[in-house]
Amino acid sequence: MHIFKDTHFDFLRWRWHAIALSWVVILAGAFVFFTRGIPLGIEFAGGTAVIVKFDQPVPAQNVRAAMDKSFPGGADNIIIQSYGDPSQNMYMIRVPSVGAESGAALSSTKQQVVDALTTNNVGKFTEVGTEIVGPAVGRELRSRGIWATVLSLIGILLYIAFRFQFSFGVGAVVATIHDLLVTLAFLAIFRYDMSLNVIAAILTMTGYSTNDTIVIFDRVRENLRGMRRDSLNDIINASVNQTLGRTIITAGTALLTSLALFFFGGEVLHGFAFTMVVGIITGTYSSIFIAAAIVSFWRGTTTRAAARAPATTAPAPQQPQRKQKPQRKVRAS
Amino acid sequence: MSNLRWKVITVVAVTVIFFAVGVWPLIAQRYGITQPSWLMDKALKLGLDLKGGVHLVLRVQTDDALRLTTQQEMERLRETLKTRNIATGAMDATDSTHFKVDGVAPAQDAAFRDAAAEVQANFDRSAGTNGTYVFTMKPNVQINLRDESVVQARETIERRVNELGVTEPSIAQQGQSGDQILVQLPGVTDVNRAKEIIRSTGLLELKIVENGPSPTKEGLMTNNQVPAGMEIVPGAAATPGDAGTMYYLVKKAAVVSGTDLRNARPSLDENNQPAVAFTLSNEGGRKFGNATAQNIGRQLAIILDGRVQSAPRIESQIRSEGRITGSFTTEEVQNLALILRSGALSASLTYLEERTIGPTLGADSIRSGVLASVVGLMLVVVFMLVYYKLSGVNAVVALVLNLVILLGLMAYIGAVMTLPGIAGFVLTMGIGVDSNVLIFERIKEELEAGRGVRASINAGFNRVFWTLVDTHIAALISVAFLFQFGTGPIRGFAVTLFFGLLSNLFTSIFASKTLFELVLAERRQVNTLSI
C-alpha cells in the first residue's frame, strides 16, 4: 500500500506561502500573548489549588458565590472549574495567593477556601487533592524551563552541524524554533495553562521535530552525492518527496497516540496531549516546508554573492520557476 | 546460518530477561503471586501522583545556624574575658554573622587581642574607634555551616519520617542554592500531622529556675535588666500570646539538652495524664545527677522550643530517668516522643510547596493513563498491520519487544512510574514505530527499483542505520536537558523517553532485521515481500 507513490511536488515553490502562514499564526499568538498574556500553571505562577469532590451535583455558581461571600478578598481572581469527568462532581478552586512563605503558614489560604465552602453549606465535600506552590519555587522553575529549552536547542544545533554541515544545523534549529513559536501561539490562543507537563511536551516535541528534519536532511545529503548535476533546490525537492511517505506515516502514528492521550488521558494530561498534537502537526509541516527552505536560503546567500536574496525580510521577487525535471531514482553506491 | 542462530538466541534471551524483570511482577501482583521474591522486589513502583500521598518542599533557614554559632562564639569570648578579668562594654550580635564588642580599655587592649585569638579560627577581627571590635564570620565557615545545617536537617527529617513508619519515603536536597529539601510520603493522608512532625525544631533543654513564675517579664528583672547569665523564658500557654502566659527566670546554661537524650517514649504522669518519659545517655546522666544533687528543693524548667512546658520541684537527685509533663494530649505526646528521639533541628524550616494527592485522584489517573495507552497502542498496531500487511507483524513484534524491554529497564533501575511517565511510554511507542516506518519505506523503494527481496531488506536496514543513529542522538540531547530541568514526575517522563530511545534502537535495527532473516531463511526462493 502507498499513500504517496513517486510524488513530484515542488515544495520549495510554496516556501513563501508557508513562511507567510507561519508568521500569521506566530503573530496572532504574539498578539494574544501581549494583550492577554499566557496563563501560567500553578507550578510557575504560585498559588493554591484545592480539588474538592462533592457528594451531590453542585452548580459552579454556588461554589463561586460561597467564595465571593466568605473568602477574604472575594472571588474576583479565583478560578473555579469542573475537574475530570462531570459525573464525579469535582471542582478545582484555584487562588493566586498562598499563605506566608514562613513556618507552616503556607497552607493557610487552602484553609480559607475550605472554610468558605463549609460555612456557606455548599454541600458535603471531601478534599481529594491540594497543590500549594510558593512564589520562590515558581521563580526558580521559570528560569530553569527557559534554560532547558535554550540549551537543548544549542545542543541540537551543534550535533547537526557536526554530523552534517552548518547550514543544515541552522535549518534544523530555525525549524525547531518555528515549531516552538507556533506551539506557544496555539497554547496562548487556546488558553492552556503553561505547566510542567506542557514544558515536557514542548521539549519532547522539539526532539520529534528535529527527528523529522534529520530524516529529510539525511536524504538531502545522500542525494547531494548522487545528483551532482542538479541544483540544490531540485535535490531538496526530490529528497522531501522521497521521504514524504515516511514523514506522513510517522506523523500519523505519533498523532494517533497523542490523540488517544488527549481524549482518554484525563485532566492532568490534557495540556500535555494538546501540546503534542499541535507540535506533531507543526513539526511535520516545518520539516517539509521550512527546514529545507532555510538550508536553501542559507546556501544561496553564502555561496552566490550575486543573488542577495534577503532571507528574513519581505518576500523577494519571485524567481521564475524552474521547470520540474523528471526525478531520477537515486541510488548512490 | 549459525550467525542467524546467535541473533535469534540473543533476541529471545533479551526478551525473556526483560519480561521476567519488567512484566512478570506486574502480572504476578495482580493475581496475588509473591514468588520469586527476588523478582518481586524489582516490581515497577508507582509515583506519588498515581499512588496518592504528600509532596512537600521545605527551605532550610540556614541563617539560623549562622546566628546560633555567632551567639555561641560571642558567649565563649565573654566567658574567657571574664576569667581573665578583662572589662569590656556591651557585647552584641548585630546580625547572623557579626558581633561587636564595645569599650575595651586601651590598657587591656593587648590582653583583649590575646583572649580574642581563640574565636579567630572562625571569625575575622577588625578594630574600630574607642576600643570597639567587630568580629565577622569567615566566608568559608559560613558556607560550611550552611551546608552542614541543610545536611543535618535532611538527616533529621529522614529519621522522623522513618519513625512515622511511612513506606518508601523519598527525601532529597534540591534547588539552585541547595537549601531546599523535597519530602515525598506515599500513602500518607494526615498532612497536618506529617507537616508538624517534620518541621518541629524539637529543641529540649532542662534549666534551673532562678525566679518565677511571674505574670510579667518585668517582675523577674533587677533594675529593669535581666541578670547576667540568666534569661527569661515564657511558659507554654494553651494559645500563643495568651494573656495567661507566665514567665520564668532561668540560668542560661542548660543542665542537659536534647543531645544528651538516649530515648524518649510516651508515658503517663502521676495523675495519669499523658507525658513523655526520657532516658539520658551516660554523660547526660552524670551531668544531670550532679546538677540535681546541688539544687534539691529548687525548680527545674523543662523547656521545649523556647517555652517552659513545666517546672517541677527537684525532690531528690535524679540520674538518668526523667519525665516531661504538661498539658498534652495523647497524640501530642506521641509526636513529641518521636521528635525528641529523632534529634533537634539546628535551623528552622519553612514550607515552599505542598501537594497532596488523594488516593481516589491517583486511581483515576492510573485508569485514564492505562486506557489512553491501550487505545493509543491499539490504533498504532491496527495501522501498521493494515498498511504494511505481513511486514506490519514484524513491526508489531518489534513494538511489543520494545515495550517489554522498556518496562524491564525501568523496573531494573528502580524507576518510578508517574502519569507523565505513562504518557512517555505511549509516545515512545507511537514515535518509536518511526524507525520501522523508515526502514520499511526504504525497502519499498529498493523493491520498486527492481532489487531482489533479500537485497532490498539488507539495503533498507543498512542505509537507514545512520539516519536512525542521528535521530536518536538528537532526541537524547533534548531528553537530557529535560531530565536536568525536571523534578518528580517530569524526571520520570525523561527517564522513560531515554530508555525508550535506547531500546527502540535495539528492537528496530537488530530484532526487526533478525525477524526478517528468520522468515526468509525458511524459503529458498523469495520473489515477493508482503510490505
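What follows draws every value from the coordinates through simple rules; no lab data is involved. Keep in mind it's a predicted model, so treat the numbers as computed, not measured. With ideal geometry, Cβ positions are generated from the backbone for all residues, glycine too; neighbour counts draw on all protein chains shown.
Could you name the aspartates and glutamates whose alpha carbon sits less than 12 Å from that of B:LYS45, not counting residues in the same chain fewer than 8 places away?
Candidates past the 8-residue exclusion: B:GLU168.
Using 22 Å as the Cα-Cα cut-off, could you pick out the over-long pairs in A:LYS124/B:LYS195; B:LYS7/B:LYS444; B:LYS100/B:LYS252; B:LYS100/B:LYS138?
Values: A:LYS124/B:LYS195 26 Å; B:LYS7/B:LYS444 24 Å; B:LYS100/B:LYS252 20 Å; B:LYS100/B:LYS138 15 Å.
Checking Cα-Cα distances, A:LYS124/B:LYS195; B:LYS7/B:LYS444 exceed 22 Å.
Excluding residues on the same chain fewer than 8 positions from B:LYS207, give the aspartates and glutamates whose Cα lies under 18 Å from its Cα.
Partners found: B:GLU75, B:GLU231, B:ASP260, B:GLU283, B:ASP305, B:GLU315, B:GLU321.
Provide the FRET efficiency to the nearest 0.05 for the B:GLN72-A:TRP147 pair, computing r from the beta carbons and using R0 = 30 Å. Let's see the in-between values first.
Working: r = 40 Å, r/R0 = 1.34.
Efficiency, from the Cβ-Cβ distance: 0.15.
Sequence neighbours fewer than 8 away in the same chain don't count; with that in mind, list the aspartates and glutamates whose C-alpha is under 12 Å from A:LYS110.
Those aspartates and glutamates meeting the cut-off are A:GLU127, A:GLU131, B:GLU354.
For the range B:63-142, what percent of Cα pairs sit more than 17 Å apart? Before the final figure, lay out each step's value.
Working: 1190 of 3160 pairs.
Result: 38 percent of Cα pairs exceed 17 Å.
Stokes-Einstein at 37 °C, 0.692 mPa s, Kirkwood radius from Cα pairs: D for the range B:118-245 in µm² s⁻¹? Before the final figure, lay out each step's value.
Details: Rh = 19.6 Å.
Here the translational diffusion coefficient equals 167 µm²/s.
Translational diffusion coefficient of chain A at 10 °C, 1.306 mPa s, Stokes-Einstein with Kirkwood Rh over Cα pairs, in µm²/s as a whole number. Provide the component values of the computation, followed by the final result.
Numbers: Rh = 22.8 Å.
In µm²/s, the coefficient rounds to 69.
I'm a student and want to see the number: the projected area of the Cα convex hull of the range A:47-133, averaged over all directions, in nm². Present the calculation step by step, with values, prior to reporting the outcome.
Working: hull surface 20.4 nm².
Averaged projected hull area, Cα only: 5.1 nm².
If each DSSP helix of 4+ residues adds -39,500 (n - 2.57) and the sum is divided by the residues in chain B, what number results at 222 nm, nearest 500 deg cm²/dmol?
On the way: 15 runs with 267 residues, N = 531.
Rounded to the nearest 500, the figure is -17000 deg cm²/dmol.
At q = 0.19, 0.20, 0.24, 0.32 Å⁻¹, what base-10 log of I(q)/I(0) does the Debye formula yield for the range B:377-422 when every alpha carbon is treated as an equal point scatterer in vacuo?
Results for the range B:377-422 at q = 0.19, 0.20, 0.24, 0.32 Å⁻¹ read -0.66, -0.70, -0.81, -1.06.
Long-range amide H contacts for B:ALA275: which residues qualify at under 5 Å (H placed 1.01 Å from N, peptide plane, sequence gap of 5 or more or a different chain)?
Amide H neighbours of B:ALA275, under 5 Å, 5+ apart: B:SER267, B:LEU268, B:ASP269.
Can you sort B:MET74, B:MET378 so the residue with the fewest Cβ neighbours within 10 Å comes first?
Details: B:MET74 20, B:MET378 12.
Fewest-to-most ranking of B:MET74, B:MET378: B:MET378, B:MET74.
Would you calculate the separation in nanometres between label points at B:ASN272 and B:ALA20, each defined as 7 Å from the Cα along the Cα-to-beta-carbon direction?
6.1
Neighbouring Cβ atoms within 10 Å as the yardstick, rank A:MET194, B:MET40, A:MET205 fewest first.
Numbers: A:MET194 22, B:MET40 14, A:MET205 27.
Fewest-to-most ranking of A:MET194, B:MET40, A:MET205: B:MET40, A:MET194, A:MET205.
Magnitude of the Cβ-charge dipole of the protein assembly as shown, K/R +1 and D/E -1, about the Cα centre, nearest 20 debye? Don't skip to the end; give the middle numbers.
On the way: 79 positive and 68 negative charges, 781 e Å.
For this selection, approximately 3760 debye.
Output the Cα-based Rg and Dmax of chain B in Å, rounding Rg to one decimal and Dmax to a whole number.
Considering chain B through its Cα atoms, Rg and Dmax are 34.5, 113 Å.
Evaluate the charge dipole of chain A about its Cα centre and quote only its size in Debye, nearest 20, assuming +1 on the Cβ of each Lys and Arg and -1 on the Cβ of each Asp and Glu.
On the way: 30 positive and 20 negative charges, 424 e Å.
It comes to approximately 2040 debye.
Apply the Karplus parameterisation 6.51 cos²θ - 1.76 cosθ + 1.60, with θ equal to phi minus 60°, to every residue of the range B:196-205 and state each ³J(HN,Hα) to the nearest whole Hz, in sequence, with x for glycine and proline.
For the range B:196-205, the Karplus curve yields 5, 5, 5, 8, 4, 5, x, 8, 9, 9 Hz.
Along its principal axes, what span do the Cα atoms of the protein assembly as shown show, with the longest given first and each in whole Å?
109, 68, 65
Using the Cα centre as the reference, give the magnitude of the dipole from point charges on the C-beta atoms of the range A:163-231 (Lys, Arg: +1; Asp, Glu: -1; all else neutral), rounded to the nearest 20 debye.
Working: 7 positive and 6 negative charges, 70 e Å.
Computed charge dipole of the range A:163-231: roughly 340 debye.
For A:GLY129, which sequence-distant residues (separation of 5 or more, or a different chain) have an amide H within less than 5 Å of its own amide H, given hydrogens modelled in the peptide plane?
A:ILE51, B:GLY358
Amide H of B:MET246: which non-local residues (sequence gap of 5 or more, or other chain) have their own amide H closer than 5 Å, using H built in the peptide plane?
B:GLY235
At a 10 Å Cβ-Cβ cut-off, how would you order B:THR129, B:THR360, fewest neighbours first? Write down the numbers at each step before the final one.
On the way: B:THR129 5, B:THR360 16.
Starting with the residue having the fewest Cβ neighbours, the order is B:THR129, B:THR360.
Loop only per DSSP, at most 12 neighbouring Cβ atoms within 10 Å: give me the GluC sites (Glu not before Pro) in the range B:418-497, ordered by residue number. Don't skip to the answer; put the middle values down first.
Numbers: sites: B:GLU441, B:GLU445, B:GLU446, B:GLU448; in loops: none.
The qualifying sites: there are none.
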